[in-house]
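Read through the structure below, which is laid out as structure tokens, and then see the notes.
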Amino acid sequence: MSSPLLIVSRGSTQHRQWRFLSWGYAVALAVLVPLVLQPFEIGKMNRALVLMVAVLAVNLVVGFNGMLALGHSAFMGIGAFVAASMVQDELWDYWMIIPVVLIVGFAIGIIVGLPALRVKGLYLALVTIAQAAVFPTLVNIDELGIARRTGGPNGRDVIEEVDRQESGFSSFFEWLPGVDGARGANAYRYWILLVMTVIVIALVRNIMRSRPGRAVLAIRDSEAGAAVYGVNLPMYKTVNFALSASLGSLAGLMWCLDKGFVAGQDFTFLLAVDLIIGLVIGGVGTLQGSIFGGLFVVWVRDLTKRISIPLGFYTLDGDGPLSAAIFGLILILFTFFAPGGIASMVTAIQKRIIQVVPLTPSGDPITPLEKLDPGPSSTRATWAMRFAVAGPVLLVIGWVLMNVDNLIVGTLAFALRFAIVVLAPIVVFVSMNELRAVKAGLRGENADAVASQAKMAGIIGVLSFAYVKTFAINLALRAHHVGHLARESVAVNPDGRTVPAIPLVNEAAKAKDFVGTSGEFCATSPGGEISDMSVAEVCNIASDAIDASETPVGFWLIGWPTQSMLSLVLSVIAIVVTVVVGLRYFVFADEKTEAAPEPEPEGASASA
């Protein structure tokens, strides 16, 4: 595969379809997160969203401006403590505190940034390291009432929990996916943090494309060159540093909103190191790198803590003394195999799949697409057929591996099952492109073989995409069904108030230091009481919801997982619509045009 599988001009129909599909996948993933993940996993995703904003704040200084600043954990702490103090002491709501936190962070960024202009490189790194190292101590000082506001060494609890039920808009937010049932509080905060993260990324994207953003990038590339072109170096450096500090403070507010507790120990230099790791692994100087970096720091670090690798003479356990070695080994591997970070690796893979040709001012491709086509020697149809077969095969292998009780194997099984989600649309687009090339006469004597392979691959790709859509619909229905059961599973305490049963089961399991799922805990016939209620009785009330939530995900779709007529009807509709639309408008889109007779020239009938 010497050339990309797809070559399209910017703004063309295929390019718009590709972008629409990419955004559709992103939206679908965001919707499925609070529906599919367990409550504690949604909490990890919330932390990842917080770190995305924090890594983006570091990226503004390090990646876009070229300044080596390592102290953004202190800015996060400032935002978190300001938010906690305003909520607890002044009784403000979180949305009212957002402008206050941004202004405070910007002001402190100006104060820190002005002296920092006199130092560069490693000296600036040393100054910001000192800033991160001293911050946890400063919040414990009794003078000026600082310890009273921050809680001192014990930290500060935020009693006001951000929850759908507590917001006063319970019925209004009922439509948000996942906010009902056991996931309610975590899912509700997930949607708030997701909206905040998307807004911040969009704003930074627009700033970097504006004139001030281009000036900041010019300073990164060459300070002397930027000064020659009239860029005010001190002003742009200081304002950019202050803007970065402001976003770091906003990440601290998001931290407080999610956890409901802040302490100086949460914002040590180790957090600053995590932010730098996320920036480097995600991709320095890219917006996508901030997203990948936040996900990497949270999920990969958690994965390494739960991993267990038997080495014969020793078991490399994530909870053992060598837990950091596993994470360090992963960082080393990324350094060798993806030196530009995950964002550069994804970009390189995307360039092997699709090449977008820019346009001239007149609207034509800068290079004619026919000159970029490989001609009769094209192997794109062969690759489309390989990908079309690989998707279902990897899916079946992934389902088989799911039966193996091993964390590494389970992660591999998930990746194999997810492959069909990525491969199915690629196969459809490549098949459609090859059929158009055959119709244009670009495949020469191989036209029949290419058309046959492209059609077969397109049909398999459309069927695979139909499976993906139906599976997603059933996952959403299953999550809604589980949420309904959880909402109906309520216990009545001695005071006559109704209390959700599943949180009580989780609390009882945590009190007994039980390691396992809620279903496994209830299967042990636990004794004792929780909130003046029998634990066994609470388990009995929540049994239906727990069984439904812990039912293994099956392979077949029809009638599963809700076992309802709604699941059957929606599954059939999704399959039929996807197959008809995919075959009619993608795989066989040009056959109707080919069969249509060409119009006769004017005057031909008269001369006849």
With all protein chains present, region 1-128 has a carbon and sulfur share of its accessible area (1.4 Å probe) in percent of 73 percent
Less than 18 Å apart at the alpha-carbon level, and either on another chain or at least 8 residues along: which lysines does that give for residue 455?
439, 592
Report the convex hull volume per residue for region 117-163, counting only C-alpha atoms, in Å³.
138 Å³
Approximate spin-label separation residue 412-residue 364, in nm, with each point projected 7 Å along Cα-to-Cβ
5.3 nm
Segment residue 148-residue 584, extension gain: residue separation times 0.36 nm, minus the distance between their alpha carbons:
150.1 nm
Just order 146-156, 532-542, 41-51 by mean Cβ neighbour count inside 10 Å, highest at the front, would you?
41-51, 532-542, 146-156
With a probe of 1.4 Å, find how much accessible area region 1-71 has per residue, and write the answer as a whole number in Å².
38 Å²
Rounded to the nearest 0.05, what FRET efficiency is calculated for residue 532 and residue 224 with R0 set to 51 Å and r the Cβ-Cβ distance?
0.10
Residues in region 116-149 near a label at residue 89, defined as backbone nitrogen under 17 Å from the 7 Å Cα→Cβ point?
138-149
Through the Karplus equation 6.51 cos²θ - 1.76 cosθ + 1.60, θ set to phi - 60°, convert the phi angles of region 332-342 into ³J(HN,Hα) values in whole Hz; use x for Gly and Pro.
5, 4, 5, 4, 7, 9, 9, x, x, x, 5
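Just to check, using Stokes-Einstein with a Kirkwood Rh over alpha carbon pairs, what's the diffusion coefficient of region 350-459 at 4 °C and 1.567 mPa s in µm²/s?
This corresponds to a translational diffusion coefficient of 82 µm²/s.
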Give 120/237; 351/469; 44/305; 44/259 a once-over and call out the pairs whose C-alpha atoms are over 19 Å from each other.
351/469
Expressed in nanometres to one decimal, the distance between label points 7 Å along Cα→Cβ at residue 399 and residue 499 is 4.2 nm
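The values are calculated or read from the model by the stated rules, or taken from the named source; none is laboratory data. Model, not experiment: these values are computed from the prediction. Glycine also receives a Cβ, built like all others from the backbone with ideal geometry; neighbour counts cover every protein chain displayed. In case anyone asks, the SASA skips ligands and DNA or RNA and just uses the protein heavy atoms, side chains included. Shrake-Rupley method; radii C 1.70, N 1.55, O 1.52, S 1.80 Å.
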